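Inspection log for the structure reproduced underneath, given as structure tokens.
The values are calculated or read from the model by the stated rules, or taken from the named source; none is laboratory data. All values reported here derive from a predicted model rather than from experimental measurement. Here Cβ is always computed from backbone atoms with ideal geometry, including for glycine, and neighbour counts include all displayed protein chains. Heads up: the accessible areas ignore ligands, DNA and RNA and are worked out on the full protein's heavy atoms, side chains in. Shrake-Rupley method; radii C 1.70, N 1.55, O 1.52, S 1.80 Å.
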Amino acid sequence: QIDFYDFTNNNTNASGLSIDSTIGILNQLELRPSSRFTLNKGDVIMRSSAARTSHIANLGATIPTITYNGSYRFVIERYLFGDKAWRFLASPVRLVGSDASTPTVAAAWREGVSALSSTGYGTAITGPSGPNAQLDYYTQRGSMKWYNDATNAWVELTNTTSTRIANTQGYMVFVRGDRGAPNTTSGAGTATNLRIKGQIRTSDQTFNVLANKNQAIGNPFAAQINFGTITKPGITNSFIVWNPLSTGLYGVGGYENYSIVGANYRLNGLAGGAIRNTIESGEAFFVQNNTASATTVTIKESDKGILTNMVSRPGSADIIIPTIDISLFEKDNNGNFLMMDGASTSFDNSFSAGLDNDDVIKFTNTYDNLFITSNNKNLVVERRPSLTVNDTIKLGLTGTRIANYKFQIDPYVLENIGLDPFLFDRYLQTETALSVSDSTDVYFDITADAGSKVANRFMIVFKQALPVYNFTTIAATRNADKTVTVNWGIQNETNVNNYTVEQSNDGINFTAIGVRVPSANNGTNPTYTKIDNAASKAANWYRVKATSLNTTIKYSPIVMVNALQEGIEINTPTISIRPNPIVDGDVNLNLDYQAEGLYTVNLINDLGQIIRTEKIMVKSNKEKFKIRLGKISAGTYQASITDKVGNTTNIPFIVM
């Protein structure tokens, strides 16, 4: 027995090249067009390992003549890394009638029903009928099944000695490891190599897909295939594969949906978008037909690739149309958030508002499903016309459990659409503003309350974007009657619904103490005052919450007033900048009734950069300092004043 890295046959003689002993192929077997290849006595083993899986190259338009003297002759291996998980596997050999030229499941993946001991090959296949039905041992559910497209249901395999391994759909197999792996569904798995002896498939391979159905297809070739080049009229430009590394409910894998973005197929619902354009050797996958007519998928010799990978390759896709990705994460017992599912919506007038093959219907898991409800269908990919005001993405959640979850919502090319997205939670009756330029994490819980787990709890609504307004000043001062006066100023006041003044006893937890309606809302810069008649004698913290007409919320900086000292006459300690805004290039800093000592003043721009630092000495109850700004741009700045013991007061100011 000899192993070759590459093996090429270009022999076109009548007798061709005769193989009289077993050979192994580590990388590529190339049978040139019109060549002749006779398998006389030995087998050709297409080897697979953790390092690489060999492949049979494109056989060309003039398919070589392969003569099989005896059964099988090709041995197709598929290495599987050690992990107890479901695998969606193809059987890349052809069905030759019902004779012995096509091996049974038992002869292939049960290694001819070898002993249940570790050899690095095969696996145990189990089920509820146990060994009497030609399975390895009893389990409550079958460990091998195939997908019935007519009924949209999985059918468990009950007898491996009468079922031929070759089929067009592939098999879902729970792989614990090789034949000697422990009969458990938890714990570490062992690596194994599943091999099939048979006759290879050559030339074009066709697969029927029923109307409005999902269809499982096993990669027919012992080679990687390019999904983008296969012939698939009427099929959505997407595919579904099974990733055994996906965490899922029990850590045994999960479905992944890839849909076209530009020239690449991108994983839906994953920030950054992992790229995968190929179906691997020995891998099965799903396609989807959303039309009312049956169609045919054709996988050609020219669709073959020259590489084979363990799992999908990482990458990134350039998204050139407005898109929102929504990813669902669940918090595990270690406090880590693991991605469970994802969905995606894109917007362009080239897309239809109805259901067509630009949309992808959700292939449902039994746990943690996220989808988009549209046209009475649950979608994992939705493509619709360009956004308009009040457009809504209706999200759906099923299979959730009592746990902590979060959405990661990632926008692409949404900065200039003139609309602001909000996530609405029907259960909590809250709205969360979503960024149009960066990802937004929204945390939520599923509890024992049935209302928390309703399928239509969440939706994303697009509202008209409103002009931006900013806080320019906020200050809080203790009055002689022990009350506190809160003053704040607004720049470019437009579309503000109200201001809520909030007070805190610890600087962390705030409570509303009053509401002010805007006085202008015409783009001017008004100032407001609120007196806290119930201010405590201890320290008090204040902030102002501005709520816009479309419910966007913006908070001012937090300011503090010191606790009262019993038996001492109240003289209000304040730090202020007057005038504000600044028009003459000088910051006039006033410190009244502040502790004596050295203070540090940092002037900070809107990028958080310190543009000037001054040291000032306070010697009396009323001090005034002039800080020259020099030539700086108009805009919003902040003065940060720190006393000798580290207490800091921040005062926003505007340079005109």
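List the pairs whose first member sits in region 64-78 and is on the phi > 0 side of the Ramachandran plot, whose second member is among the acidic types (Asp, Glu), and whose Cβ atoms are under 8 Å apart, counting only residues at least 6 apart or on separate chains?
Pairs found: TYR72/ASP43; ARG73/ASP43.
Of all residues in region 189-243, count the ones that are open to solvent by 10 Å² or more (accessible area, probe 1.4 Å) and either hydroxyl-bearing (Ser, Thr, Tyr) or without any contact (Cβ under 8 Å) to a residue 12 or more places away in the chain (or both).
Number satisfying all stated conditions: 6.
Does ILE56 fit the bill of being open to solvent by less than 10 Å² (accessible area, probe 1.4 Å) and out of contact with any His (no Cβ under 8 Å at 6 or more places or on another chain)?
Against the criterion (open to solvent by less than 10 Å² (accessible area, probe 1.4 Å) and out of contact with any His (no Cβ under 8 Å at 6 or more places or on another chain)), ILE56 qualifies.
May I ask you to list the residues in region 130-160 that are open to solvent by 60 Å² or more (accessible area, probe 1.4 Å) and either closer than 15 Å to ALA106 by Cα or touching a Phe, Trp or Tyr at 6+ places or on another chain (Cβ under 8 Å) (or both)?
PRO131, ASN132, GLN134, TRP146, TRP154, THR158 - these are the residues of region 130-160 that are open to solvent by 60 Å² or more (accessible area, probe 1.4 Å) and either closer than 15 Å to ALA106 by Cα or touching a Phe, Trp or Tyr at 6+ places or on another chain (Cβ under 8 Å) (or both).
I need a count of the residues in region 385-427 that are open to solvent by 30 Å² or more (accessible area, probe 1.4 Å), outside any loop (DSSP other than H, G, I, E, B) and either more than 15 Å from PHE347 (Cα to Cα) or modelled with pLDDT under 95 (or both).
Result for region 385-427: 6.
Would you kindly identify the strands (runs of 3 or more DSSP E) lying entirely within region 552-656 that contain at least 3 residues that are charged (D, E, K, R) and open to solvent by 20 Å² or more (accessible area, probe 1.4 Å)?
610-618, 622-628
Would you check which residues across region 487-515 are farther than 13 Å from ARG543 by Cα, in contact with a Phe, Trp or Tyr (Cβ under 9 Å, 6 or more places away or on another chain) and open to solvent by 50 Å² or more (accessible area, probe 1.4 Å) and list them?
As a first pass, look at region 487-515 and keep what is farther than 13 Å from ARG543 by Cα: 490-498.
The next check asks that each one be in contact with a Phe, Trp or Tyr (Cβ under 9 Å, 6 or more places away or on another chain); those that pass are 490-496.
Correct list: GLN491, ASN492.
GLY189 versus (1) under 30 Å from LEU210 (Cα atoms); (2) assigned to a loop (DSSP other than H, G, I, E, B); (3) not β-branched (Val, Ile, Thr): which is the lone unmet condition?
Condition not satisfied by GLY189: (1).
Just to be sure before I move on: is ALA85 closer than 28 Å to ALA284 by Cβ, touching a residue at least 40 places away in the same chain (Cβ under 8 Å) and surrounded by fewer than 16 Cβ atoms within 10 Å (Cβ to Cβ) in the structure I sent?
So ALA85 does not fit the description; no.
Checking THR8 against (1) closer than 30 Å to ARG176 by Cβ; (2) hydroxyl-bearing (Ser, Thr, Tyr); (3) surrounded by fewer than 15 Cβ atoms within 10 Å (Cβ to Cβ), which test does it fail?
Of everything listed in (1) closer than 30 Å to ARG176 by Cβ; (2) hydroxyl-bearing (Ser, Thr, Tyr); (3) surrounded by fewer than 15 Cβ atoms within 10 Å (Cβ to Cβ), THR8 misses just condition (1).
On the basis of being out of contact with any Lys or Arg (no Cβ under 6 Å at 6 or more places or on another chain) and on the phi > 0 side of the Ramachandran plot, does ASN540 make the cut?
Considered against the rule, which asks whether it is out of contact with any Lys or Arg (no Cβ under 6 Å at 6 or more places or on another chain) and on the phi > 0 side of the Ramachandran plot, ASN540 comes out as no.
Among the numbered criteria (1) open to solvent by less than 30 Å² (accessible area, probe 1.4 Å); (2) over 19 Å from GLU280 (Cα atoms); (3) touching a Ser or Thr at 6+ places or on another chain (Cβ under 7 Å), which one does LEU17 miss?
If we test LEU17 against (1) open to solvent by less than 30 Å² (accessible area, probe 1.4 Å); (2) over 19 Å from GLU280 (Cα atoms); (3) touching a Ser or Thr at 6+ places or on another chain (Cβ under 7 Å), just (1) comes out false.
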